[in-house]
1. Give the shape of the range 44-89 as rounded, prolate or oblate, defined through the alpha-carbon gyration tensor: a ≥ b ≥ c are the square roots of its eigenvalues, a/c under 1.5 means rounded, and otherwise the shape is prolate if a/b is larger than b/c and oblate if not.
2. What value, in deg cm²/dmol to 500, does the helix sum -39500 (n - 2.57) over DSSP H runs of n ≥ 4 give at 222 nm once divided by the residues of the chain?
3. Once you've got the GNM for the chain with C-alpha springs shorter than 10 Å, pick whichever of 29, 75, 40 has the biggest mean-square fluctuation.
4. If every alpha-carbon in the range 9-94 counts as one equal scatterer, what log10 I(q)/I(0) does Debye give at q = 0.13 1/Å?
5. Figure the gain on full extension for residue 18 and residue 89 (residue separation times 0.36 nm, minus the Cα-Cα span) and round it to one decimal in nm.
6. For the chain, what is the relative contact order in percent, using Cα pairs closer than 8 Å and at least 6 residues apart in sequence?
7. Amide H neighbours of residue 24 under 5 Å, at least 5 residues apart or on other chains, H built in the peptide plane: list them.
8. Pop a pseudo-label 7 angstrom from the Cα along the beta-carbon direction at both residue 54 and residue 76 and give the gap in nm to one decimal.
Amino acid sequence: MKYFNPETKTYKLLEALKAGNTFTQSQAEKKFGIKNLSAEASRLRANGHAVYANTSKAGNGVTVTTYELGRPSREIVALGYAAKQAGLTVELIKG
C-alpha cells in the first residue's frame with residue numbers, strides 16, 4: 001500500500017474520510033481544492049482503500065454523488081486472497 005505525502009490533497013482527503021466525513025464534488029473542491037473527486041477516489045482505491053460512491057437525487061432533481069470510506073465486503077477480501085494465491089500481484093495487473 002502506498003503512503004501519501006501529508007502535504008497532498010489526496011492525503012488530506014484520505015484523513016478526512018478516515019475521520020468519518022463524506023464529500024460531494026462541490027465540498028471536496030471547496031475544502032481541498034480537488035477538481036476531480038472521482039479521480040482521487042480511484043487513486044485511493046488503487047492503493048487499497050475502500051472508497052464508496054453513493055448517488056442520490058437532491059430536492060431540485062440533480063443527481064449528487066457522495067464519497068465515503070468504508071470496509072470492503074467479505075467477498076472482495078476473499079477475492080483478494082484468491083488472486084494472491086493464484087500469483088496475481090498489483091505490479092502484474094498494472095503492467
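Values in this text are rule-based calculations from the coordinates and carry no lab data. All figures in this text were calculated on a predicted structure; none of them were measured in a lab. Using ideal geometry, Cβ is built from the backbone for each residue, glycine included, and neighbour counts are taken over all protein chains shown.
1. Numbers: a/c = 3.93, a/b = 3.26, b/c = 1.20.
Taking the square roots of the gyration eigenvalues as a ≥ b ≥ c, the range 44-89 is prolate.
2. Roughly -13500 deg cm²/dmol at 222 nm, from the helical runs in the chain.
3. 75
4. Values, matching the q order: -0.51.
5. In short, 23.0 nm is gained.
6. Rounded, it is 23 percent for the chain.
7. Those lying under 5 Å, H to H, from residue 24 are 67.
8. Placing both labels 7 Å beyond Cα along the Cβ direction yields 1.4 nm.
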